[in-house]
Amino acid sequence: QIFKEDGSPFPKEEHPVVISFYSGESVPDVVIGIVTPWGNQKWLLVNATPVFELGKRKPRYVFAICTDITNRKKIEFDLKKRNVQLNSLNVISRAVSGTLDLKTIMNKALREVLNLAEFSAGALFLLNEEKPSISFEVHRGISSMVIKYIAQLHVKKSSSYRHFLMRGEAKLFPINELLEEEKPENENTKEDREVTAYCLLIPIKVGHHIVGSLNLFGTEKYIPSETDFNFFSTVGTHIGLAVRNASLYEKTKHTLKKLKTTQDKLIRSEKLASLGALASNIVHELGNPLAAITNSVQVLQERVHLEGKMKELMDIIEWESERLNRIVNQLREFSKPKPLKFVMADLREIVKKAILVLNQDFELIWDRNIKTKFPGDLPLTLLDPDSMEQVVLNVIKNGLQAIQPGGTVEVKITCIGRKEKRKIRMQVRDNGSGIPEENLQHIFEPYFSTKAKGMGLGMHIVKQTVESHNGAIRINSELGKGTTVLIDIPIRKEENG
């Protein structure tokens, strides 16, 4: 069996001896590859010279000199391969250093490695720094089932795979040996065994720290040499540095985000403190004059019997005085919230009482429905009934105001969670017009309101009250479909109970 330098078969008619014999010319320095009877590959340099008999134009025979140049060709191939690998390393380095997105780095790195290497498939795994598990993984050309089993080998302490990975050593594993450690029986793994003879494990390191692994799957046609091992180990180091840079970038971005959130909270606290002081002054300045106006109107209505336009004007004074009183009370509650008095209470009873109050407002409730869905058995929990009733009133009232006549507000109470983490959840859902996304993020801010007569303090006070019960509130809304308010209150027992 003979072949050319590019690995293709050497046709008999192109053999230097044959050419020399038929052409009558010397054929110098032809490189031929052969496979010996023992299976070894050799390289020969062949020089063919024709030998003629006197007076003859056709050679009698050809004299060929074959020189064994196997060692020289090996050096040439190694140098060529090293140049290719250096160029490849440059390509891989540019690919992974052009971004700080971890997912992009992993996909680019694996794609470039497979494009430049003689492997049929590959996978990249990143290890979780906090616990023994895989934090991220990409793969190409091999089934997810095989990847799943190899991922398990990363954390299985008894596996030889993990042993070499943690030691930071590159290792060639027969694929059958790896898969047998987990004994998969899926048909996909059988197919993979046929097309992948081995898995080349390359640890991804940053210094002496193992951050992941590069796995390359190949066939028996190409067994990596020591030079290949060194090259792919270098590739692993480059990927490791890129991964570490991306991780540091993500951590820095997360830290900056937390810092900005904290800064926003501080600014918000300062604003709220200023607003609270302003509200307190307004309450103080308006309280007494408003009380005097309200009392005067009541006295006049009792003693003077007005009719027509005059009565209408007096009624307007009364209505607007009452509205101003409500605003002042809201400001008072915002500037100096009253201390809560916690008792063991049933949230169902508080909701029923609030609905009873709302049902007296005929203008608000007209042609609108409030439906309730309560569990048969609900545990008592520590609540301040008065402030919680105000929460329920505000939330249901907002729902009623959001729906058209014929619409429905549904109030549902359930228990969620287990054992000591159990909570009571109140869900208030309406089928109104929904809240625009740009308004949703400001819904709990003080003085933010889309209502013509609103002060914008209701939902802010609701949030404060819920949080003072160690609870949480969130709002989901979709334009044209309605809004759902979810309030979770942890179930707590009496301090001495």
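Things to note:
- Some residue of segment 224-238 being at pLDDT 80 or above and either charged (D, E, K, R) or closer than 30 Å to Q464 by Cβ (or both): no
- Test: residue in segment 13-23 that is within 60 Å of the chain's Cα centre (by Cα), aliphatic (A, V, I, L, M) and surrounded by fewer than 16 Cβ atoms within 10 Å (Cβ to Cβ): no
- Exclusive hit being of a type in the set (V, I, T), touching a residue at least 12 places away in the same chain (Cβ under 8 Å), farther than 17 Å from H469 by Cα and not in a strand (DSSP E or B), set I396, I370: I396
- Annotation note: of K271, K253, the sole residue that is modelled with pLDDT under 75, among the basic types (K, R) and in a helix (DSSP H, G or I) is K271.
- Criterion violated by G399 - all others in (1) over 39 Å from the mean Cα position of the chain (by Cα); (2) surrounded by 16 or more Cβ atoms within 10 Å (Cβ to Cβ); (3) closer than 23 Å to K481 by Cβ satisfied: (1)
- Here G434 qualifies as open to solvent by less than 40 Å² (accessible area, probe 1.4 Å), of a type outside the set (S, T, N, Q), assigned to a loop (DSSP other than H, G, I, E, B) and more than 14 Å from V351 (Cα to Cα).
- Residues that are open to solvent by 50 Å² or more (accessible area, probe 1.4 Å) and at pLDDT 70 or above were ranked within segment 450-467; the one that is nearest to C415 (Cα to Cα) is E467.
- Every condition in (1) surrounded by 18 or more Cβ atoms within 10 Å (Cβ to Cβ); (2) modelled with pLDDT under 90; (3) over 27 Å from the mean Cα position of the chain (by Cα); (4) over 21 Å from L382 (Cα atoms) holds for I443 except the one numbered (3).
- In the set (1) open to solvent by less than 90 Å² (accessible area, probe 1.4 Å); (2) part of a helix (DSSP H, G or I); (3) at pLDDT 75 or above; (4) out of contact with any strand residue (DSSP E or B) (no Cβ under 6 Å at 6 or more places or on another chain), the condition left unmet by K73 is number (4).
- Residue selected from segment 121-161 under the condition aromatic (F, W, Y) and assigned to a strand (DSSP E or B), by the criterion nearest to L216 (Cα to Cα): F125
- Answer residue from segment 26-65, given it is assigned to a loop (DSSP other than H, G, I, E, B), of a type outside the set (S, T, Y) and touching a Pro at 6+ places or on another chain (Cβ under 8 Å) and is surrounded by the most Cβ atoms within 10 Å (Cβ to Cβ) among those: P59
- Yes/no for S93 being open to solvent by less than 80 Å² (accessible area, probe 1.4 Å), modelled with pLDDT of 75 or more and of a type outside the set (A, V, I, L, M, F, W, C): no
- Subset of segment 96-107 [in a helix (DSSP H, G or I), surrounded by fewer than 21 Cβ atoms within 10 Å (Cβ to Cβ) and at pLDDT 75 or above]: L102, K103, T104, N107
- Check on Y198, in contact with a helix residue (DSSP H, G or I) (Cβ under 9 Å, 6 or more places away or on another chain), of a type in the set (F, W, Y) and at pLDDT below 85: yes
- Restricting attention to segment 373-393, the residues that are surrounded by 12 or more Cβ atoms within 10 Å (Cβ to Cβ), without any contact (Cβ under 8 Å) to a residue 40 or more places away in the chain and over 21 Å from H460 (Cβ atoms) add up to 2.
- Hits in segment 1-25 (condition: in a strand (DSSP E or B) and closer than 20 Å to T67 by Cβ): I2, F3
The values are calculated or read from the model by the stated rules, or taken from the named source; none is laboratory data. All values reported here derive from a predicted model rather than from experimental measurement. When we count neighbours, we look across all protein chains shown, and the Cβ atoms used for this are built from the backbone with ideal geometry, even at glycine. Please note that ligands, DNA and RNA were not included when accessible areas were found on the heavy atoms of the full protein model with its side chains. Shrake-Rupley method; radii C 1.70, N 1.55, O 1.52, S 1.80 Å.
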